[in-house]
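Accompanying notes for the structure given below.
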Amino acid sequence: MGLDFGVVPGYLGALSVGAGWTVVITVLAGAFSIVAGVLFAVGGLYGHPLIRYPVKAFVWLFRGTPLLLQLFLIYFGLVEIGIDLNAFVAGVIGLGLHFAAYNADIIQAGIVAVDRGQTEAGRTLGLSRYQTVSRIVVPQAVRDVVPALGNNMIALLKDSALVSVIGVAELTLSAQLAISKTFRPFEFYFAAAVFYYVINLCLEAALSRIERRMEAAR
Amino acid sequence: MSTTESEMAGNGPMIDVKNAAKRYGTVEVLRGINLQVRKGEIVAVIGPSGSGKSTFLRAINNLDPLSSGEVWLEDVQVNKPLTSYQYERHINRVRQDIGMVFQHFNLFPHLSVRQNITLAPRMLKRLSKQEADGLAEQQLRRVGLIDRIDFMPSQLSGGQKQRVAIARALAMQPKVMLFDEATSALDPELVEEVNFVMRQLAESHMTMIIVTHEMGFAQDVCDRVLFMDGGMVVEEGSPDVIFRNPSQERTRSFLRKHLKGRN
Ligand SMILES: Nc1ncnc2c1ncn2[C@@H]1O[C@H](COP(=O)(O)OP(=O)(O)OP(=O)(O)O)[C@@H](O)[C@H]1O
Ligand SMILES: [Mg+2]
């Protein structure tokens, strides 16, 4: 019994819907991971000790444990304490927090690398610590680390396949459903890989556009 | 403010530094400096590298807090002893009245020239966009850069950057301007355009304290010169006295090195 890609076109619609959800999850979790990454970075650097240490512990925990476990914990575990999230929300939160931990590290390094003179100039004008951080330091730090954040977004896209295990009907799960009906794993996993590759190309194109615009504002 | 206080503010010095001392660990960087600057007065601070000029200047707006001593801006104590929360609010208010210009400009690279100037007035004085833009235009005309209003800092020469930095400080309408070697980082041919702006500012009777290595400029523009060495004011007086007839040997030997080819 050889390979037969003839079965794939019949499922292209289902795979496309799955791919669409993969894009949605990636965009939502990515945006969440960057916003939360900035907050963790700022909280970890400037926060009151009561904020700083929990944030650091949290970042350390989310970087040091498997994403799969985190997804199980959020989706299956939280139910026990009365937090019953649907699979999609749990997936976005899990992916978002996991990558927020990585983004926080990158953004912290960016913040530390911003010239001291920038803070001094802001404070000299009368801006508060918070105003200086939020309007002067963080925008420059984020701009400087866009390439590294971009790499994390690409990793996030690929790791989004993991949310299939908690039952989110994204691209990987769509392929698995097709396989369960046709018993053609190679064809459908291959087709899914092609979809991921195309989404990845689009993401990289978008990232390099953003990078170019950031570069112009230097 | 009571009537007597506001009357006193009119007559007293604009800046009054009393017995300023600063230590880093066991190293004494400032050893008891006193300085009174009248409204409209222009004071130059000169001295060898490491003598504490920057530290002293930066103590005036508390960027480098003193170990002991007092700094007053009119009737407000800049380094008032307060709890850290109260002090943060106090100093943010006080710093709005003290403009500062740095050796390395410190423009905000992610913001246009216009945004560099309008950021603080908009956030702190709650100006509308129109009012703030008007202010930016006014200050940029003053420094001759109105045609650069929508440029990014990276598109400017060093001299232009420093003039924008001066415009940014002036947009807060400060009572005093502090300059820490505003021209030291510039290519020689760009120094004069910044000096020109500072001269204009002097003519408009801005109160200024200018740390400089340019003896000629200090001599031309300033009302008074402080010579610092080893964290102390070794000698102070009118430019004529300091540059032509200093009484201290340390001043003379410093000037011999720095006035080569002048006068
Ligand atoms: N953060 C610091 N920690 C320890 N020592 C410091 C610190 N900042 C400054 N100093 C020391 O304080 C002294 C005065 O420094 P300051 O920068 O005020 O000198 P300056 O007169 O401005 O010199 P220059 O002409 O080179 O700018 C120097 O000996 C310097 O090494
Ligand atoms: Mg200095």
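Summary of values
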read-out	value
Theoretical FRET efficiency, 1/(1+(r/R0)^6), r = Cβ-Cβ of residue A:50 and residue A:112, R0 22 Å, to 0.05	0.50
Unit charges on C-beta of K, R, D, E only; dipole of the protein assembly as shown, Debye	280 debye
Loop chymotrypsin sites (Phe, Trp or Tyr not before Pro), the range A:171-218, which have at most 12 other Cβ atoms in a 10 Å radius of their Cβ (DSSP)	A:183
19 Å reach of a label modelled at residue B:200, 7 Å along Cα-to-Cβ, counting backbone N of the range B:131-158	B:133-151, B:156-158
Occluded residues from the range B:72-94, i.e. those whose accessible area drops by 20 Å² or more once the chain is not alone (1.4 Å probe)	B:88, B:92
Pair residue B:89, residue A:17: separation of 7 Å Cα→Cβ label points (nm)	5.8 nm
Complex-versus-alone comparison for the range B:122-148, residues with a loss of 20 Å² or more in accessible area, probe 1.4 Å	B:123, B:124
Residues of the range B:96-117 buried by at least 40 Å² on assembly (accessible area, 1.4 Å probe, chain alone as reference)	B:106, B:108, B:109, B:110
Rounded accessible area per residue of the range A:9-217, 1.4 Å, Å²	49 Å²
Average accessible area per residue (Å²) across chain B - probe 1.4 Å, nucleic acids and ligands excluded	45 Å²
Solvent-accessible area buried by pairing B with A, both sides, nearest 100 square angstrom, 1.4 angstrom probe	2000 Å²
Carbon + sulfur, % of accessible area of the range A:9-217 - ligands and nucleic acids excluded, 1.4 Å	70 percent
Principal axis dimensions, chain A - Cα atoms, whole angstrom, descending	74, 46, 22
Selection from A:58, A:2, B:91 lying farthest towards where the dipole of the protein assembly as shown points positive, charges on Cβ	B:91
Within-14-Å neighbourhood charge of residue B:66 [Cβ basis; K, R +1; D, E -1]	+2
Solvent-accessible area, 1.4 Å probe, carbon plus sulfur percent, for the range B:1-101	49 percent
Check: chain B dipole with +1 on Lys, Arg Cβ and -1 on Asp, Glu Cβ, in debye	420 debye
Theoretical ellipticity at 222 nm over chain A - DSSP helices of four or more residues, -39500 (n - 2.57) apiece, nearest 500	-25000 deg cm²/dmol
Net charge dipole size for the range A:9-217 [Lys, Arg +1 and Asp, Glu -1 on Cβ; Debye, nearest 20]	380 debye
Which of B:52, B:237, B:227, positive extreme of dipole for chain B (C-beta unit charges)	B:52
For the range B:210-260, Kirkwood radius (reciprocal of mean inverse C-alpha pair distance, Å)	10.9 Å
Above-threshold pairs, the threshold being 21 Å between Cα atoms, out of B:18/B:39; B:125/B:175; B:161/B:257; B:18/B:53; B:22/B:161	B:161/B:257; B:22/B:161
Normalised contact order of the range A:9-217, rounded percent, pairs of Cα under 8 Å and 6 or more residues apart	29 percent
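The values are calculated or read from the model by the stated rules, or taken from the named source; none is laboratory data. None of the values given here were measured: they were computed from a predicted structure. With ideal geometry, Cβ positions are generated from the backbone for all residues, glycine too; neighbour counts draw on all protein chains shown. We work out accessible area using only protein heavy atoms, side chains counted, and drop any ligands, DNA or RNA first. Shrake-Rupley method; radii C 1.70, N 1.55, O 1.52, S 1.80 Å.
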